[in-house]
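Here is the structure we will look at.
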Amino acid sequence: MNARSPSSLASERPSPAPSAAGVLKAPPHLASTFIGWSFVLPFLVALSMFVLAPTAAVIAISFTDWQLGRDTISFVGLENYRALLTARVPRISAANTIIYALMVTPLSVILGLWLAILIESSPMGRAFFRSACFLPVVSTTVAMAIVWEFLLHPTLGPVNSALLLFGLPAQRFLSDAALVLPTLAFIAIWENAGYTMVLFVAGLKSISAELYDAAAVDGADRPWERFWTVTFPLLGPTMVFVVIIMLLRSFRVFETVATLTGGGPRRASEVMLYTIYQEGFQFFQIGYASAITVVFVAFLLLLTLVNFRLMDRSVHYK
Amino acid sequence: MAHIQIQDLNKSFGDTSVLRGIDLSIHEGEFLAILGPSGCGKSTLLRIIAGLETHDSGHVRMGGSIMDGLAPKARDVAVVFQSYALYPHMTVAQNLALPLVMRETTRVQRLPFMGHISSVVKRKRVDIQSAVERAAAQVRIAELLDRKPAQLSGGQRQRVALARALIRKPKLFLLDEPLSNLDATLRASTRTEIVQLQKRLGTTAIYVTHDQTEAMTMADRIAIMIDGRVAQVGTAREIYDRPKDVHAALFVGTPKMNLFDGRIDGGVVRLAKTGMVLAHTADAIDGPIRVGIRPEHVVLKTEFDEGAIPVVETHREFLGSEALIHFGIGGGAPDISGVARLDPDALDKLAPGQTVSACFRPGGLHLFDQSGLRLELSGENLSPAATTALSDKETALDERPIPIIAGI
Ligand SMILES: Nc1ncnc2c1ncn2[C@@H]1O[C@H](COP(=O)(O)OP(=O)(O)O)[C@@H](O)[C@H]1O
Ligand SMILES: [Mg+2]
């Protein structure tokens, strides 16, 4: 055919082509490499400085007997880990943390989902309700904890006044060993629900309205049927994310414990981060605290991985 | 009696009036296309018929009984949505089974373990399974039953959506632009397939589209919808040959009908700009009108008969089986332009930019009044187009046309 091939085009204008190509070819390659690294480098530097290096340091310290304020430091091998196995407090602490997380995570998720669906289906005032529910999330936990301390005060608090009004006995919410963990969990759920609600609202908005129409035509038009046929399955990816975030958040509980209970009464609200804080910065056993931290972080990492595996499999649409 | 009857249906969203007095009746087993530009309210009408949207006033009747206010599942309709709306977390088989499961089993029977406990449930599940297989076979997706929608091509998803609609044997199919997400080749073959399927099942179908080719090739009758109103209902042929309304005339036919400003003075139909005489009528209506001529009714000639209009070619398009000549009307009024459809061979006889004479085929004129409604007048050059026009498709340059009557 008479179509001109690239080579015949090139042969028509031979002189500038090779040099132009040579000059033009190298810079984009170099430039793109440079641009690429200039984007990645700040992140890598920050990651090593603020995450990798401290983690490595903590792991290293966990094999020593270092105490805060002491000049000497010696390698003790697995001694801290052996001590951890037999110690009483970290075990209580771990049990409390797990119980707390098992209360907070499901209830935060369910309450947030319920709020999200309620708000999205409300004919008006959506922005108002969304903001109102989100307020606890943006407020400082410590400040909110102090408000809760007042509300739950055994004699002066309005909650107990209300209980008395209904003829119920007053409760020492924060100093009763049986009540303290559920009370802390309640405060966390109150705070988390706004957060999970916002995430679920975003998930709900991404569900195509045509799917609900299709479900209505197919005969699934009662609220419960709509929920199980369309809403819940299509929120799957959001759900994975929210559950993992909530698990990690509740395992990391610290502020309310430090402000309201100090781990008491009788270690009934002792949780992992509080134990680490006490061992490290009140008893100055940095080596021992580091060992607890390493075990704790390893556990969270494992939990997250298992979660992603299990839940991702059930929501994958492919 | 009509199977589906829509009576004076009105609908507004806030201040915007979307449907304004829709009247339509659809026969049992008929395939009706609702054709109109985007945003004219087609989907809204379809959703009201399905019960997915409420209307402000008027009635929707099916088989004589009023449907107003009934939930979609009580109407026994099936909808194929533009985006197909397949459930992404279910396999194709589960997608197809859902309408049957929701209808034929109770909430308790739907519980997962019930199939092992109750023989009734077990039998129902077997029935549903075989219905799924039959429906899948009808649209040739039997081998895809275990896949999820994300693993299917656009055309396959479209078939799944069709199968989900027909599995329940509904009284009415509602299809909202079901082919608009497919590529051109697939669209053409699926068109035929949908029509054959609908004829075989004998189910009434309402098919919404903005594509005139789809409407004209698929439908028994077409309802042209413009701006929330039904402009015309009829077969493709009726609408093409005798458009009742200037919007319907412009919407159907590619390229668009030529439309010129004209006027009637004492029984003479003239072009407004040049005063050229186009036709004579005995009906005494004077005043401004609009004159429409379809491109294939324009005849171009090289020799100038007395009274023919001189036109200058501005642009030509070769389309294989036909050719289009865009022209401006010469002689002091070049701002009037039009298009003529010719036999491609005729292109060779015409030099680009040449001035030629334009005439039109007898009966090819469509007259519309100022409000856009068709004027049915009798007189010279105004006999119905259907009788003479399109009798042969060649509009060669050397043909003997009837010249436009002169008079500048
Ligand atoms: N839920 C709604 N709320 C407000 N306006 C709507 C809604 N649905 C449709 N409309 C408006 O109604 C008009 C017709 O829409 P539609 O029926 O989807 O048109 P079509 O399907 O013919 O393109 C459009 O102007 C659209 O903006
Ligand atoms: Mg539409």
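Of all the listed residues (B:A161, B:A85), the sole one being hydrophobic (A, V, I, L, M, F, W, C), within 27 Å of A:R313 (Cα to Cα), within 16 Å of ligand 2 (Cβ to nearest atom) and not in a helix (DSSP H, G or I) is B:A85.
Restricting the search to the range B:73-85, which residues are more than 8 Å from chain A (Cβ to nearest Cβ), hydrophobic (A, V, I, L, M, F, W, C) and within 17 Å of B:G154 (Cα to Cα)?
Correct list: B:V80 only.
Looking at the range B:92-104, is at least one residue of a type outside the set (S, T, Y), in contact with a helix residue (DSSP H, G or I) (Cβ under 8 Å, 6 or more places away or on another chain), in a helix (DSSP H, G or I) and away from chain A (no Cβ under 14 Å)? Within the range B:92-104, one or more residues are of a type outside the set (S, T, Y), in contact with a helix residue (DSSP H, G or I) (Cβ under 8 Å, 6 or more places away or on another chain), in a helix (DSSP H, G or I) and away from chain A (no Cβ under 14 Å).
Could you pull out every one of the helices (runs of 4 or more DSSP H) wholly within the range A:81-188 that has 2 or more residues that are basic (K, R) and more than 28 Å from A:Y277 (Cβ to Cβ)?
A:126-138
Across the range A:205-226, the qualifying residues are those that are more than 7 Å from every other protein chain (Cβ to nearest Cβ), under 30 Å from the mean Cα position of the chain (by Cα) and in a loop (DSSP other than H, G, I, E, B), and the one among them that is farthest from B:A163 (Cα to Cα) is A:S206. Within the range B:199-216, the set of residues being away from ligand 1 (no atom under 16 Å from the Cβ) and over 9 Å from the mean Cα position of the chain (by Cα) comprises B:K199, B:R200, B:L201, B:G202, B:T203, B:T204, B:A205. The single condition from (1) touching a residue at least 12 places away in the same chain (Cβ under 8 Å); (2) out of contact with any His (no Cβ under 7 Å at 6 or more places or on another chain) that B:G364 fails is (2).
For first residues located in the range B:171-200 and within 14 Å of another protein chain (Cβ to nearest Cβ), partners that are within 16 Å of ligand 1 (Cβ to nearest atom) and part of a helix (DSSP H, G or I) and lie 6+ apart or on another chain with Cβ distances below 6 Å form the pairs B:L174/B:L46; B:L174/B:A50; B:D176/B:S43; B:D176/B:L46. For B:R75, the criteria (1) touching a Gly at 6+ places or on another chain (Cβ under 6 Å); (2) crowded, with 22+ Cβ neighbours inside 10 Å hold in every case but one, which is (2). Taken over the range B:24-44, residues that are more than 15 Å from ligand 1 (Cβ to nearest atom) and small (G, A, S) amount to 2. Determine if the range A:61-68 includes at least one residue that is surrounded by 10 or more Cβ atoms within 10 Å (Cβ to Cβ), part of a helix (DSSP H, G or I) and modelled with pLDDT of 85 or more. Yes, the range A:61-68 contains at least one residue that is surrounded by 10 or more Cβ atoms within 10 Å (Cβ to Cβ), part of a helix (DSSP H, G or I) and modelled with pLDDT of 85 or more.
Here A:L235 fits the description: buried (at least 21 other Cβ atoms within 10 Å of the Cβ), under 25 Å from B:Q82 (Cβ atoms) and in contact (Cβ under 8 Å) with a residue 60 or more places away in the chain.
On inspection, B:T190 passes the criterion of being more than 27 Å from A:D221 (Cα to Cα) and of a type in the set (S, T, N, Q).
If you scan the range A:228-267, which residues turn out to be in a helix (DSSP H, G or I), more than 14 Å from chain B (Cβ to nearest Cβ) and more than 17 Å from the chain's Cα centre (by Cα)? Residues satisfying the conditions are A:V257, A:A258, A:T259, A:L260, A:T261. Here the condition is being surrounded by 17 or more Cβ atoms within 10 Å (Cβ to Cβ) and either more than 25 Å from B:K199 (Cα to Cα) or not assigned by TED's automatic domain parsing to the domain that holds B:I167 (or both); of B:L111, B:L35, B:L9, B:L96, it holds for B:L9 alone.
Filter the range B:135-150 for residues that are surrounded by 14 or more Cβ atoms within 10 Å (Cβ to Cβ) and not in a loop (DSSP other than H, G, I, E, B) and give the result. I'd like the intermediate steps shown before the answer.
Restricting attention to the range B:135-150, the residues satisfying the condition of being surrounded by 14 or more Cβ atoms within 10 Å (Cβ to Cβ) are B:135-136, B:138-139, B:141-142, B:144-145, B:147-149.
B:A135, B:A136, B:Q138, B:A142, B:L144, B:P149, listed by residue number.
In the range B:12-32, of all residues being more than 28 Å from B:T217 (Cβ to Cβ) and within 16 Å of ligand 2 (Cβ to nearest atom), the one that is surrounded by the fewest Cβ atoms within 10 Å (Cβ to Cβ) corresponds to B:T16. Among the residues of the range A:175-189, is there at least one that is at pLDDT 85 or above, among the small types (G, A, S), within 21 Å of A:E270 (Cα to Cα) and loosely packed, with under 13 Cβ neighbours inside 10 Å? Yes, there is a match, as at least one residue in the range A:175-189 is at pLDDT 85 or above, among the small types (G, A, S), within 21 Å of A:E270 (Cα to Cα) and loosely packed, with under 13 Cβ neighbours inside 10 Å.
If we keep just the residues of the range A:268-284 that are out of contact with any helix residue (DSSP H, G or I) (no Cβ under 6 Å at 6 or more places or on another chain) and in a helix (DSSP H, G or I), which is nearest to A:V104 (Cα to Cα)? Only one residue fits best here, namely A:L273. Filter the range B:137-151 down to the residues that are within 12 Å of chain A (Cβ to nearest Cβ) and within 26 Å of B:S43 (Cα to Cα), then identify the one that is nearest to ligand 2 (Cβ to nearest atom). Step by step, filter the range B:137-151, then rank; the result is B:P149.
Let's see how each residue does on (1) assigned to a strand (DSSP E or B); (2) touching a Ser or Thr at 6+ places or on another chain (Cβ under 9 Å); (3) within 12 Å of ligand 1 (Cβ to nearest atom); (4) under 27 Å from B:T192 (Cβ atoms):
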{"position": "B:I6", "(1), (2), (3), (4)": "yes, yes, no, no"}
{"position": "B:K11", "(1), (2), (3), (4)": "yes, yes, yes, no"}
{"position": "B:I22", "(1), (2), (3), (4)": "yes, no, yes, no"}
{"position": "B:L46", "(1), (2), (3), (4)": "no, no, yes, yes"}
{"position": "B:T54", "(1), (2), (3), (4)": "no, no, yes, no"}
{"position": "B:H59", "(1), (2), (3), (4)": "yes, no, no, no"}
{"position": "B:G69", "(1), (2), (3), (4)": "no, yes, no, no"}
{"position": "B:A78", "(1), (2), (3), (4)": "yes, yes, no, yes"}
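Any residue that is crowded, with 23+ Cβ neighbours inside 10 Å, within 16 Å of ligand 2 (Cβ to nearest atom) and modelled with pLDDT of 90 or more - is there at least one of those in the range B:187-205? No, every residue in the range B:187-205 fails to be crowded, with 23+ Cβ neighbours inside 10 Å, within 16 Å of ligand 2 (Cβ to nearest atom) and modelled with pLDDT of 90 or more.
Here's a check for you: in the range B:40-72, which residue that is in contact with a helix residue (DSSP H, G or I) (Cβ under 9 Å, 6 or more places away or on another chain), within 12 Å of chain A (Cβ to nearest Cβ) and at negative phi is farthest from ligand 2 (Cβ to nearest atom)? So, considering only residues that are in contact with a helix residue (DSSP H, G or I) (Cβ under 9 Å, 6 or more places away or on another chain), within 12 Å of chain A (Cβ to nearest Cβ) and at negative phi, the one farthest from ligand 2 (Cβ to nearest atom) is B:A71.
Against the list (1) more than 30 Å from A:G287 (Cβ to Cβ); (2) modelled with pLDDT of 65 or more; (3) of a type outside the set (D, E, K, R), the condition A:L47 fails is (1). The selection criterion, being over 16 Å from the mean Cα position of the chain (by Cα) and within 13 Å of another protein chain (Cβ to nearest Cβ), does not hold for A:T275.
The values are calculated or read from the model by the stated rules, or taken from the named source; none is laboratory data. Predicted model, so just to flag it, every value in this text is computed and none were measured. Cβ sites come from the backbone with ideal geometry, for glycine too, and all protein chains shown count toward neighbours.
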